[in-house]
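Following: one structure in structure tokens, then a few remarks.
Please treat every number below as a calculation from the coordinates, not as lab data. Being a predicted model, the structure only gives us computed values, none of them experimental. With ideal geometry, Cβ positions are generated from the backbone for all residues, glycine too; neighbour counts draw on all protein chains shown.
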Amino acid sequence: MSVSKIAVCIAAVSFSGAALAATKTVEAPLSTPKGITLQPLGKTQGYGLDKTTAAVVPRDKLVFATDAGLTLYTSEADQPGKSLCVDACAQTWIPAKVMAGAVPVDGWTIIARADGSKQWAYKTRPVYSFVEDKDPGSIGGNSPARFSRGEFAGSRGAVSSEVPKDKPLAKGWNVAYFFPMDKRPLPAGFAIKEVEDAMGMVLVDAREHTLYTLDDAKRAKTCGDACPWTPVPAPAIAEGIDAFQPVWRDDGVRQWTYNGKGLYTFAGDLIAGEANGFGVDKAWKPAQIIKHFAPDTVTLTSNEKLGKVFADKTGKTLYMRDAFIFQSGAGHSLKRGSPIRPAVGRDLATDPHCKDDCSKSWRPFLAPVSAEASGNWGVYTRADGAKQWAYQGYALWTFDGDSKPGDVNGHDDYQLFMSHDAKTKVDIGTPYDGPTALYWIAAHP
Amino acid sequence: MNRNAISRAGLGRVLTAAAVFALASTGPAAAKESRSYVLAYFGHAVASKEGDCQGGLNPKLDIQYAKNMQALGMPGAEIEKLMKNFGDEGQSWDKNKIGQIMNTRARVNGEAENTFAHPAAVADANLKYVTGKVAKGFNLDGAADADAFADPDTGEKGIDNQVFRALGCVDPFRGTLASGTAFWLFMWMAEKDSMPAWLITVEGDDLSKDGPVDVILSRAIEVTKFNANGEARADMTYRQDPDPRMKANVFKGEIKGGIVNVASQANLHMMQDQLTFPNFDLANFHLRLTSDTEGRMEGLIGGYQPIEQVYFALGQGGLAAENNYSPELPGMYHLMRKLADGPADAQGQRWSISTAYHIKAVPAFMAVKDTGATAKASENTANR
């Protein structure tokens with residue numbers, strides 16, 4: 001299969017439990033249980049209109065957060081598996097509640113508090129939110145709006161997540177970070193990176209190219225001469241580390257395995273961060289160390305214009321409504337050409353602020369009544385009581401103009417907003433600082 | 001993969017390697033000859049001349065801002081004190097008092113609001129506009145009005161280009177086709193490497209001869225490929241974006257004397273870039289392209305464009321944009337409203353304005369996926 005053919009093929013990857021079970025794969029653990037979300041810190045939330053922040057500040061840290069997006073903390077005073085924060089302490093540091101039906105996932109356990117209630121713990125440490133945090137992306141009562149360029153973030157705004165020095169986090173309390181992660185023992189040349197298109201933390205090689213595991217070893221022999229999957233070679237003197245073991249193949253190549261499965265690179269991945277092999281062949285999967293939650297009704301489709309985008313069960317692309325942000329250098333049409341700003345998504349919530357009646361062609365991507373936030377996914381309750389899925393703060397929609405999987409005919413659909421008289425104030429539901437626009441953008445991991 | 005046989009006479013003589021081919025089967029081979037091009041430059045069509053702005057050019061920012069503060073009723077002494085520090089406020093917004101005042105000089109129901117989102121609520125600065133007699137563009141209304149421009153090169157009368165008239169007395173919008181304008185040189189440089197390329201296809205029975213042609217504008221999935229000198233590379237291959245929003249851009253035209261012409265009553269709808277025109281609409285779409293000996297195309301496109309689109313391209317950077325290239329963005333808005341010459345609505349308001357853009361294009365291969373019949377240009381809407 002040529003790279004070009006791979007690039008144009010349209011594939012759908014289901015996240016449903018049934019589909020995954022059929023492959024008899026050992027699943028990577030989820031990053032978050034039900035009711036625990038992931039949030040970027042400070043300016044990467046997209047607060048304010050300092051154009052150099054949301055657009056260029058790296059999302060260098062991700063925290064665990066409540067279903068409302070409030071940062072979680074651990075206390076050095078607690079004992080493993082036991083919370084000592086009670087009474088007045090628990091009024092300031094709110095124990096993270098466990099939702100009905102939630103089950104522990106990687107590193108997460110449920111502990112019993114002294115009053116009999118249940119609380120989440122991460123790596124045995126009970127987790128809490130802080131009563132003074134009001135906005136997602138806060139630390140120690142400092143709203144992301146305070147993480148301004150210069151004073152708290154360095155003169156060039158290059159650091160997003162330092163705690164403001166004039167209001168430090170209370171002594172003995174620590175932020176519960178998802179990323180950076182604790183170091184894990186890895187063979188030389190391997191690393192763990194977040195690969196968005198692979199929906200989680202994934203093994204990468206020294207070039208930071210995504211690695212894949214092969215479920216069915218027999219497939220390697222039938223892949224053919226133009227096989228796009230290349231075994232990850234292990235040096236002859238390499239020794240195994242935990243789940244990583246080198247094996248000799250029949251063809252004389254020594255190959256790394258992970259959890260007993262051969263590791264491969266994919267010829268269609270040309271640069272770091274790509275996961276173009278995801279969905280091309282069900283036998284090969286990204287070597288996820290941790291995967292992010294996604295609703296059962298969400299799939300990942302590919303198209304030649306944008307690559308992987310989220311879709312519903314039928315393959316219909318999912319969209320977010322976003323607000324214009326000025327960024328010199330353009331490139332907004334490209335995938336990830338505009339920064340994700342969860343705060344803007346929350347401002348708009350389920351109201352797309354259409355100039356005309358959007359209900360004619362844009363439809364909310366509804367969630368079941370039982371849906372709860374987890375990882376990057378949230379749930380909004382609409383005016384009629386129905387629930388609507390959201391991704392990184394942005395409510396999700398489908399577009400009637402898409403007729404088949406891979407269509408992204410609503411991507412970049414813009415409406416300009418400016419006032420033509422001295423009586424009408426422009427209201428797009430989120431801050432702006434010039435003639436502005438709202439637009440639809442295909443949702444992607 | 002088919003490659004059309006190409007005559008090398010007439011238009012074909014100067015249009016070298018480019019041809020259209022299809023990735024997907026589209027049925028029996030078409031008899032028409034096709035040539036495709038990729039956009040290599042885009043900017044306002046200008047023809048500034050010494051003395052074409054009666055009373056000189058519009059003032060620089062510091063002078064205009066002092067006038068604006070006067071219009072806001074600020075005392076002269078306070079204005080003088082503030083303006084002593086003009087340009088020395090540094091990067092700190094807290095210290096940029098002039099910027100803060102100028103950023104909210106709109107008054108909506110008496111309340112201070114963002115200047116650039118509410119240009120009509122800012123006192124008209126009565127900027128100067130081009131009073132000269134020449135401009136590049138098209139005679140869109142077919143009339144040789146006394147107040148219309150004449151083409152400086154051909155002498156053609158009745159040229160409608162009110163955007164040039166409105167912006168042409170502001171330094172960064174002045175220039176010639178040869179020089180370009182500072183505004184568009186910056187914008188084009190900023191977006192050319194990341195904006196999906198525009199494709200232009202000319203189809204006809206025999207492109208070596210004068211006669212009717214179809215001119216099709218579409219967009220590529222890739223961006224234009226440039227060489228190390230920043231020039232668009234010829235004969236590169238682009239995949240046509242199958243997006244149906246741009247499928248209606250098929251226009252009847254003709255080749256006359258080796259020049260491709262479109263004088264349409266239909267509307268062009270393209271998508272460009274957030275930095276300038278997320279949507280780019282031209283009613284009464286006109287096009288005139290001439291090829292050179294290397295097969296490159298150069299010429300104009302024009303029509304009536306929504307004022308909102310033109311203003312968005314100028315003003316979406318807000319105060320930063322005003323500080324970079326304009327003495328008064330709301331003033332430019334007021335000028336465009338006053339000079340608008342597009343069709344009037346039921347209330348007699350004109351919301352579109354005649355304009356022309358200077359474009360260059362180089363031969364390209366275009367890979368087309370079979371995505372169904374091409375829509376009619378009449379299905380387009382000008383004021384999306």
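By the equivalent-ellipsoid construction on the alpha carbon gyration tensor, region B:61-121 comes out with semi-axes of 20, 14, 9 Å, ordered largest to smallest. Too long at a 29 Å Cα-Cα cut-off: which of A:61/A:404; B:192/B:338; A:291/B:192; A:316/B:369; A:123/A:285; A:171/B:97? Among A:61/A:404; B:192/B:338; A:291/B:192; A:316/B:369; A:123/A:285; A:171/B:97, the Cα-Cα distance tops 29 Å for A:61/A:404; B:192/B:338; A:291/B:192; A:171/B:97. The convex hull built on the alpha-carbon positions of chain A has an orientation-averaged projected area of 24.4 nm². Counting only the Cα atoms, chain B fills a convex hull of 156 Å³ per residue. Each 5 Å bin, from zero up to the one with the longest distance, holds this percent of the alpha carbon pairs of region B:282-341: 4, 15, 19, 15, 14, 13, 10, 7, 2. Note on the protein assembly as shown: the C-alpha convex hull projects to 40.2 nm² when averaged across all orientations. Hull volume per residue, based on the alpha-carbon atoms of region A:299-442 and their convex hull, is 120 Å³. Could you check the spin-label model distance between residue A:182 and residue B:185? Points 7 Å from the Cα along Cα→Cβ, value in nm. Those two pseudo-labels are separated by 5.9 nm. Using a cut-off of 19 Å between alpha-carbon atoms, which lysines can reach residue B:95, once sequence neighbours fewer than 8 places away in the same chain are excluded? Here the lysines satisfying the reach criterion relative to residue B:95 are A:51, B:81, B:84.
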